[in-house]
Amino acid sequence: QQSLAMDASKKRCYDFLNMTSRSFAAVIRELDDELRDAVCLFYLVLRGLDTIEDDMTLDLDRKVELLRSFDQIIYTKGWTFDENGPNEKDRALLVHFDEVIDEFLRLKPEFQSVIANITKLMGNGMADYATGEHRENTSVSTIEDFDLYCHYVAGLVGYGLSDLFAASGLESEEIAKDKDLSNSMGLFLQKTNIIRDYREDLDDGRQFWPREIWGKYADKFSDFIKPENKLQAQYCLSNMVLNVLNDVPQVLTYLSKLRNQSVFNFCAIPQVMAISTLALVFNNLDIYQRNIKIRKGEAVMLILDSTDMDNVVSIFRKYVFEISRKNEATDPNFMEISMAIGRVSFVY
Ligand SMILES: CC(C)(C)CN1C(=O)[C@@H](CC(=O)N[C@@H](CC(=O)O)C(=O)O)O[C@H](c2cccc3ccccc23)c2cc(Cl)ccc21
């Protein structure tokens, strides 16, 4: 009877996973037994944190209290939360969060402590950012701020995953030692999403592009949607892509260290999606008008193709070459983009 109840509660967690991110949920389910549940719960805990950080209808003090105590909340049996706004995307997850907590408490203690440590760091990082001096228009000012924000929301996920890979025994302890490589895995994904989501975030009153970059091309962040600023918009976009390209060599180095097939697939698929997205958005002014995504067919081909390092390297080469083809000599960033491309091609 007890085991039946356990399976039902675990199944519920995979239902939540499918609800929050269909395509990526499939990738998580493919992970080997030793890791699957730990990564599933890690993903759900992160979604829970994200659902609180994202909710602009929450009172700031209440949000900060929740963010800074989330690493305790995940140990609190029976805890649920229904103060999210009505249209908060994953509010159902927190309404039923007691079920996630029950499953989390069934994980091996060392998996629990990895997840709790990252949750503590991330929750406090998010709270610092939400109450920081740039709070009024949640804008990011320097490139250093940009890297710090992306470290909090994505780089730390890399730290946690690398620790889980090592703790499971499926990967060596070494993968968790080089924090900079793990950080770059998260920054590459998050920064590419931030470029892609320019218009969606602008319409939501949020801006994540660093003023240190966009301020060179316009007075106001929203200026780029005006046709008369077309050229400045293009140069600003290529400057943002240049900033992201710098993480590519570290991403390829991290992937080359992985030994377990299911871990490799899990890590490679989001990265090849990101380089494909980066090539799509480069010199593509549509991003200032609407959210653009790579075609489903291309995504499927990338998923099927990302099973070994040679294929992944050739996928990166293909998209980096596509960026170099679109790189225009009149662009003030032309030379630095060419050099960043050279660094990638050289590494592999
Ligand atoms: C912010 C983010 C990039 C960390 C989100 N993030 C990811 O983007 C997912 C992919 C994902 O959710 N894709 C969405 C589409 C989209 O959002 O664009 C999908 O539905 O397919 O992948 C990452 C992720 C996967 C594998 C290795 C990683 C190493 C470091 C950091 C993150 C890593 C992720 C792993 C975990 Cl455990 C938790 C979150 C994430």
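The values are calculated or read from the model by the stated rules, or taken from the named source; none is laboratory data. Fair warning: this is a prediction, and the values are worked out from it, not measured in the lab. Don't worry about glycine lacking a Cβ; one is built from the backbone with ideal geometry, like all the others, and counts go over all protein chains shown.
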Given the conditions (1) under 17 Å from the mean Cα position of the chain (by Cα); (2) modelled with pLDDT under 95, report the number of the one that residue 241 does not fulfil. (2)
Can you name the condition, by its number, that residue 122 falls short on among (1) at pLDDT below 95; (2) within 16 Å of the ligand (Cβ to nearest atom)? (1)
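Can you go through 165, 146 and tell me which one is more than 18 Å from residue 67 (Cβ to Cβ), under 16 Å from the mean Cα position of the chain (by Cα), at pLDDT 95 or above and hydrophobic (A, V, I, L, M, F, W, C)?
On the way: 165 fails: under 16 Å from the mean Cα position of the chain (by Cα).
On inspection, the qualifying residue turns out to be 146.
Only one of 251, 241 is within 13 Å of the ligand (Cβ to nearest atom) and surrounded by 20 or more Cβ atoms within 10 Å (Cβ to Cβ); which?
On the way: 241 fails: within 13 Å of the ligand (Cβ to nearest atom).
Being within 13 Å of the ligand (Cβ to nearest atom) and surrounded by 20 or more Cβ atoms within 10 Å (Cβ to Cβ) holds for just one of 251, 241, which is 251.
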Take residue 169 and tell me if it is under 23 Å from residue 127 (Cα atoms), surrounded by fewer than 23 Cβ atoms within 10 Å (Cβ to Cβ) and away from the ligand (no atom under 16 Å from the Cβ). no
Checked pairs for region 149-174, first within 18 Å of residue 257 (Cα to Cα), second among the hydroxyl-bearing types (Ser, Thr, Tyr) and not in a loop (DSSP other than H, G, I, E, B), C-beta under 6 Å and 6 or more apart or across chains, list as 158/182; 159/182; 162/182
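For region 327-341, name all the residues that are buried (at least 16 other Cβ atoms within 10 Å of the Cβ) and either without any contact (Cβ under 8 Å) to a residue 60 or more places away in the chain or part of a helix (DSSP H, G or I) (or both). Steps first, please.
Narrowing region 327-341 to residues buried (at least 16 other Cβ atoms within 10 Å of the Cβ): 327, 331, 333, 336-337, 340-341.
Answer for region 327-341, where residues must be buried (at least 16 other Cβ atoms within 10 Å of the Cβ) and either without any contact (Cβ under 8 Å) to a residue 60 or more places away in the chain or part of a helix (DSSP H, G or I) (or both): 336, 337, 340, 341.
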Here are some conditions: (1) part of a helix (DSSP H, G or I); (2) away from the ligand (no atom under 11 Å from the Cβ). Residue 263 meets all but one. Which one does it not meet? (2)
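Every residue, every condition in (1) touching a Pro at 6+ places or on another chain (Cβ under 6 Å); (2) free of Cβ contacts under 8 Å to residues at least 40 places away in the same chain; (3) assigned to a helix (DSSP H, G or I), yes or no:
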position	(1), (2), (3)
36	no, yes, yes
43	no, yes, yes
50	no, no, yes
55	no, yes, no
63	no, no, yes
72	no, yes, yes
Show the residue pairs meeting these rules: Cβ distance below 7 Å; 6+ apart or different chains; first residue within region 201-216 and more than 19 Å from residue 55 (Cβ to Cβ); second residue of a type in the set (D, E, K, R). 210/145
Breaking point among (1) within 11 Å of the ligand (Cβ to nearest atom); (2) touching a Lys or Arg at 6+ places or on another chain (Cβ under 6 Å); (3) modelled with pLDDT of 95 or more, for residue 28: (2)
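Being part of a loop (DSSP other than H, G, I, E, B) and among the polar types (S, T, N, Q) is the filter here, so list the residues in region 198-229 that pass it. Steps first, answer last, please.
Here is the first cut: in region 198-229, the ones part of a loop (DSSP other than H, G, I, E, B) are 204-210, 215-220, 226.
207, the sole residue that qualifies.
Matching residues to (1) touching an Asp or Glu at 6+ places or on another chain (Cβ under 7 Å); (2) over 16 Å from residue 88 (Cα atoms); (3) near the ligand (Cβ under 10 Å from one of its atoms):
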residue	(1), (2), (3)
22	no, yes, yes
35	no, yes, no
38	no, yes, yes
47	yes, no, yes
50	no, no, yes
55	yes, no, no
65	no, yes, no
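Among the listed residues 324, 276, which satisfies the condition of being within 15 Å of the ligand (Cβ to nearest atom), part of a helix (DSSP H, G or I) and not acidic (Asp, Glu)? Spell out how you get there, then give the answer.
Working: 324 fails: within 15 Å of the ligand (Cβ to nearest atom).
276 is the lone residue from the list that is within 15 Å of the ligand (Cβ to nearest atom), part of a helix (DSSP H, G or I) and not acidic (Asp, Glu).
On the basis of being more than 12 Å from the ligand (Cβ to nearest atom), farther than 18 Å from residue 130 by Cβ, surrounded by fewer than 16 Cβ atoms within 10 Å (Cβ to Cβ) and more than 17 Å from the chain's Cα centre (by Cα), does residue 12 make the cut? Outline the logic, then answer.
Details: more than 12 Å from the ligand (Cβ to nearest atom): yes; farther than 18 Å from residue 130 by Cβ: yes; surrounded by fewer than 16 Cβ atoms within 10 Å (Cβ to Cβ): yes; more than 17 Å from the chain's Cα centre (by Cα): yes.
So residue 12 fits the description; yes.
Here is a yes/no grid of residues against (1) buried (at least 18 other Cβ atoms within 10 Å of the Cβ); (2) over 12 Å from the mean Cα position of the chain (by Cα):
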site	(1), (2)
180	no, yes
186	yes, no
202	no, yes
208	yes, yes
211	no, yes
216	no, yes
219	no, yes
222	no, yes
225	no, yes
